[in-house]
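Participant: Pasting a structure below so you can have a look.
The values are calculated or read from the model by the stated rules, or taken from the named source; none is laboratory data. Just so we're clear, the structure is a prediction, and the values are computed from it rather than from any experiment. Note that we place each Cβ from the backbone using ideal geometry, even for glycine, and neighbour counts take in every protein chain shown. Ligands, DNA and RNA are excluded from the accessible area calculation, which covers all protein heavy atoms including side chains. Shrake-Rupley method; radii C 1.70, N 1.55, O 1.52, S 1.80 Å.
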Amino acid sequence: MSRLTGKFAELAKTGRKALIPFITAGDPNPNFTLPMMHAMVAAGVDIIELGVPFSDPMADGPVIQRASERALAHKMSLRKVLALVGEFRKTDQQTPVVLMGYVNPIEAMGYENFANAAQQADVDGVLTVDLPPDEAENCVALLKAHSIDPIFLLAPNSIDERIKMMDAAGSGYLYYVSLKGVTGAGHLNTADVETKLKQIRANTKLPIAIGFGVKDAETAKTVANLGDGVVVGSALISKIEAHQDDLTTAQQQIVELLAAMRQAMDS
Amino acid sequence: MTEKYNMPDTRGHCGPYGGIFVAETLMPPIQELNAAYQRYMVDPEFIAELDADLKYYVGRPSPLYHAERWSRELGGAQIYLKREDLNHTGAHKINNTIGQALLAKRMGKTRIIAETGAGQHGVATATIAARLGLECVIYMGAVDVVRQSLNVYRMKLLGATVVAVESGSKTLKDALNEALRDWVTNVDNTFYIIGTVAGPHPYPAMVRDFQAIIGREAKQQCIEQAGRLPDALVACVGGGSNAIGLFYPFIDDASVAMYGVEAAGDGVETGRHSAPLCAGRPGVLHGNRTYLMEDDDGEIIETHSISAGLDYPGVGPEHAWLKDTGRAQYVNITDNEALEGFYALTRMEGIIPALESSHAMAYTMKLAPTMSKDKIIIVNLSGRGDKDMQTMAQREGIML
């Protein structure tokens, strides 16, 4: 059983939901990320989504775009992100780590090289925003052969046929993008998400993590009640951006926000 | 060639190129668009409306003009110019925007968005949006907003909102990113008119089909005027819409050579260029797999060209396929060579070409003398140079 599948099974036993933070690797500099990952685990997160910076992040809003630009200014790359996960694994063999990014850095490295290197680094899942299952046949087969879960996105406008497609191609969990738009935008509509989740559940048994629009402990709690996991990204990265010259404060505020979310989700 | 050319396949692939590489939210609107495109491209009423617009609003057919003096001066092949510069709004771009806007109208979309580099596609989109009474938002890199201020003013006059994009390199690729973000947010009422043969399927095929009127007319006109097919075609390639528009109807005519001219900027060897087919490698950007300008890590690198319209790190996936199969050849022309082409056509024929098209002119100056006088080259004069007056005057140290 993969770390991700194991994690969701373990949470399900106690009726808890996964708290999944997203940060961009190398933002605002490569030294910040590793201690931040450990601090997030200490704050009670279950899974870490690590953003692989890309020069053209088409599906991201301004907050994550700027995080990508800061990381790239420090020459962060897919290879360096994999090295970072390897470092993380030296002291944490429990927490699943999912890489999230765009397909071109993987294309440049080569799918097979990437799958090998990701397995070597002990990466648990890979979510590639602009690689839908329609184009991912080769990639999915390679990832699965290397014991890595391919994670796919679902959107508010996904029809049954697409959900079934994600169910067949994906493993670990599916990531439901709760609103039409880019990351960090708008407010989510609880009733809409609830209706959509019913449709999704009817087509897949995979755990569903919900992201886009989770800003604070309150929204995290609401979303946790609807899905199996809660992804929070832009709200964390905003704190890094606001305290670039005082990263101790940035880390502290992220830890506080995650701890508050954890508490709200478990209460 | 025994088998008829029939790229792309139903999933938008030209061999390993093309495809649909987008975030899941964009899948439903792309499928909706593809269904509409398949339906209306064979719908006689749609085709009749499009043809009428191309005739009475755009002014088609555009002439095929025998540049006799220039041909004589160069001493080789006879040069024929396909005069897309005479279209309404001054470039080939309008052929496609009219087609997509009519499609948008049939799909019940009330809001049009587009990206633009040199501003020609933005102007063509704002133009048709004005005519159809549709809301129009144009995304343009902040750098391009400055270097193409005349076109920015034209778009605003036409009632469009022009958004200066400040992210990334602030040029065409970033405008495309921003337009995709808008589309993903407003998919219900918005139609995204992509200006070149890029983006996810069906865009590259659809834009090609709307631009193929260039090649269809040119073929017929060449037969009428010269009694036979041309020997070579020349067109500049940024994203590659004017080139594929000219090439496509000739692909099965094996005797017709095709030359796509990329922008070499300061020179391909300097790394400061926009020539992915000549000096890039395959990757995935903006919804399709094609040749890209990227670094070893797969990050897209900044491009350079004197012409904003060629300043793009990717290229239409069908060009990638035509390159690999050898059906078309891709060459490059530096900024300085393009300027020579610009001046040559201006002074020799009294036609001021756009800086983009000047790349095709410059390559023609190299190609024509290598061919005998009974050979025929058709060059796509894809746009006129009015928009470049500011840039050219500045280079000559003149304040307008």
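Participant: Given a Förster radius of 35 Å and the C-beta distance between A:A73 and A:S147 as r, what FRET efficiency does 1/(1 + (r/R0)^6) yield to the nearest 0.05?
Facilitator: It comes out at approximately 0.55.
Participant: Next up: Heavy atoms only, probe 1.4 Å: what % of the accessible area of chain A goes to carbon and sulfur, would you let me know?
Facilitator: Its accessible area is 52 percent carbon and sulfur atoms.
Participant: Beyond 14 Å, what percent of the Cα pairs of the range A:92-169 remain?
Facilitator: More than 14 Å apart: 61 percent of the Cα pairs in the range A:92-169.
Participant: To continue, here is another question. Find the relative contact order for the range B:274-337 and round it to a whole percent, using C-alpha pairs within less than 8 Å whose residues are 6+ positions apart.
Facilitator: Computed value for the range B:274-337: 32 percent relative contact order.
Participant: OK, next. Please list the non-local residues whose amide H lies under 5 Å from the amide H of A:L19, H modeled 1.01 Å from N, same-chain partners needing a gap of 5 or more.
Facilitator: A:D46, A:I47, A:V230
Participant: Another question, if that's okay. Which of the residues in the range A:82-125 show a loss of at least 40 Å² in accessible area from their chain by itself to the complete set of protein chains, at a probe of 1.4 Å?
Facilitator: Residues meeting the cut-off: A:N104, A:E107, A:A108.
Participant: May I pose another question? What figure, in Å² to the nearest 10, do you get for the accessible area of B:C14 with a 1.4 Å probe and non-protein molecules left out?
Facilitator: The value for B:C14 is about 10 Å².
Participant: Taking H as built 1.01 Å from N, whose amide H comes closer than 5 Å to the amide H of B:G383, not counting residues under 5 places away?
Facilitator: Here B:D85, B:A354, B:S357 satisfy the definition.
Participant: Taking a probe of 1.4 Å and counting only protein heavy atoms, give the total accessible area buried between chains B and A in Å², rounded to the nearest 100.
Facilitator: 2900
Participant: Over 26 Å between C-alpha atoms is what I'm after, so list which of B:K109/B:K323; A:K17/A:K215; A:K7/A:K205 land there.
Facilitator: B:K109/B:K323
Participant: Just which residues of the range B:171-214 lose 30 Å² or more accessible area with every protein chain there, against their chain alone, with the probe set to 1.4 Å?
Facilitator: Checking the loss per residue gives B:N177, B:R181, B:V184, B:T185.
Participant: Further question: Can you compute the FRET efficiency between A:D92 and B:E269 using 1/(1 + (r/R0)^6), with r the Cβ-Cβ distance and R0 = 60 Å? Round to the nearest 0.05.
Facilitator: Here the calculated transfer efficiency is 0.80.
Participant: Further question: For the range B:204-358, what is the accessible area per residue in Å² when the probe is 1.4 Å?
Facilitator: 29
Participant: If you average over every viewing direction, what projected area does the convex hull of the Cα atoms of chain A give, in nm²?
Facilitator: With the hull built on Cα positions only, its mean projection is 12.4 nm².
Participant: Then there is this: Measuring with a 1.4 Å probe in the full set of protein chains, what accessible area per residue, in whole Å², belongs to the range B:49-129?
Facilitator: Value returned for the range B:49-129: 29 Å² of accessible area per residue.
Participant: If N is the number of residues in the range B:130-169, what value comes out of its Cα radius of gyration divided by 2.2 N^0.38 Å?
Facilitator: Ratio of Rg to 2.2 N^0.38 Å for the range B:130-169: 1.21.
Participant: Hey, how many Å between the Cα centroid of the range B:17-73 and the Cα centroid of the range A:190-267?
Facilitator: Here the answer is 44 Å between Cα centres.
Participant: What is chain A's relative contact order, in percent, from Cα pairs under 8 angstrom and six or more apart in sequence?
Facilitator: Relative contact order comes out at 23 percent.
Participant: Quick one: compute a quarter of the convex hull surface over the Cα atoms of the protein assembly as shown and quote it in nm².
Facilitator: 29.4
Participant: Then there's this: Suppose every Lys and Arg Cβ carries +1 and every Asp and Glu Cβ carries -1, with no other charges. What dipole size does the protein assembly as shown come out with about its Cα centre, to the nearest 20 debye?
Facilitator: That gives a dipole near 800 debye.
Participant: For chain A, report the accessible area per residue in Å² (1.4 Å probe, heavy atoms, rounded to an integer).
Facilitator: 37
Participant: Probe 1.4 Å, all protein chains in place: accessible area of B:V42 in Å², nearest 10?
Facilitator: Probe radius 1.4 Å; accessible area of B:V42 about 110 Å².
Participant: Using only protein heavy atoms and a 1.4 Å probe, report how much of A:F212 is accessible, in Å² to the nearest 10.
Facilitator: Counting only protein heavy atoms, the figure is 30 Å².
Participant: Kirkwood Rh over Cα pairs of the range B:10-63 into Stokes-Einstein at 4 °C, 1.567 mPa s: D in µm²/s?
Facilitator: 95
Participant: First measure r as the distance between the Cβ atoms of B:T370 and B:Y5, then evaluate 1/(1 + (r/R0)^6) with R0 = 22 Å and state the FRET efficiency to the nearest 0.05.
Facilitator: Efficiency at R0 = 22 Å is approximately 0.25.
Participant: What part of the accessible area of the range B:202-292, given as a whole %, is carbon or sulfur when the probe is 1.4 angstrom?
Facilitator: 46
Participant: Averaging over every viewing direction, what projected area does the convex hull of the Cα atoms of the range B:258-400 cover, in nm²?
Facilitator: 9.9
Participant: May I pose another question? Mind checking which lysines have their C-alpha under 22 Å from A:K80, skipping anything on the same chain fewer than 8 residues away?
Facilitator: Of all the lysines, those that pass the test against A:K80 - Cα under 22 Å, at least 8 places apart if same chain - are A:K90.
Participant: Just how far, in whole angstrom, is the range B:124-170 from the range B:214-233 if you go by their alpha carbon centroids?
Facilitator: 35
Participant: Taking a label point 7 Å from the Cα of B:R347 along the Cα→Cβ vector, which residues of the range B:41-80 have an amide N closer than 18 Å to it?
Facilitator: Backbone N within reach: B:68-75.
Participant: Label points 7 Å out from Cα along the Cβ direction at B:I301 and A:N116: separation in nm?
Facilitator: The two pseudo-label positions are separated by 2.5 nm.
Participant: Once you keep just the Cα pairs under 8 angstrom separated by 6 or more residues, what percentage relative contact order results for the range A:98-209?
Facilitator: Relative contact order, the range A:98-209: 23 percent.
Participant: Using a Cα-Cα cut-off of under 16 Å, which aspartates and glutamates could be cross-linked to A:K164, ignoring same-chain neighbours fewer than 8 residues away?
Facilitator: Partners within reach: A:D134, A:E135, A:E137, B:E24.
Participant: So, counting K/R as plus one and D/E as minus one, what does the shell of residues with Cβ under 10 Å around B:S255 add up to?
Facilitator: Once all neighbours under 10 Å are counted, the net charge is -1.
Participant: Taking all pairs of distinct Cα atoms, average 1/r, flip it, and tell me the Kirkwood hydrodynamic radius of the range B:52-177 in Å to one decimal place.
Facilitator: Kirkwood radius, the range B:52-177: 15.8 Å.
Participant: Within a Cβ distance under 15 Å of A:G125, other residues only, what is the Lys/Arg minus Asp/Glu net charge?
Facilitator: -2
Participant: Same structure again: If only Cα atoms are counted, what is the Rg of chain B, and what is its Dmax, in Å?
Facilitator: 19.4, 57
Participant: Identify all lysines with a Cα-Cα distance to B:K55 below 23 Å; exclude those on the same chain that are fewer than 8 residues away in sequence.
Facilitator: B:K82, B:K93, B:K105, B:K219
Participant: Which net charge results when you count Lys and Arg as +1 and Asp and Glu as -1 among the other residues whose beta-carbon is under 9 Å from that of B:Q120?
Facilitator: +1
Participant: Would you list B:M371, B:M293 from the most to the least accessible area, probe 1.4 Å?
Facilitator: Final ranking, largest accessible area leading: B:M371, B:M293.
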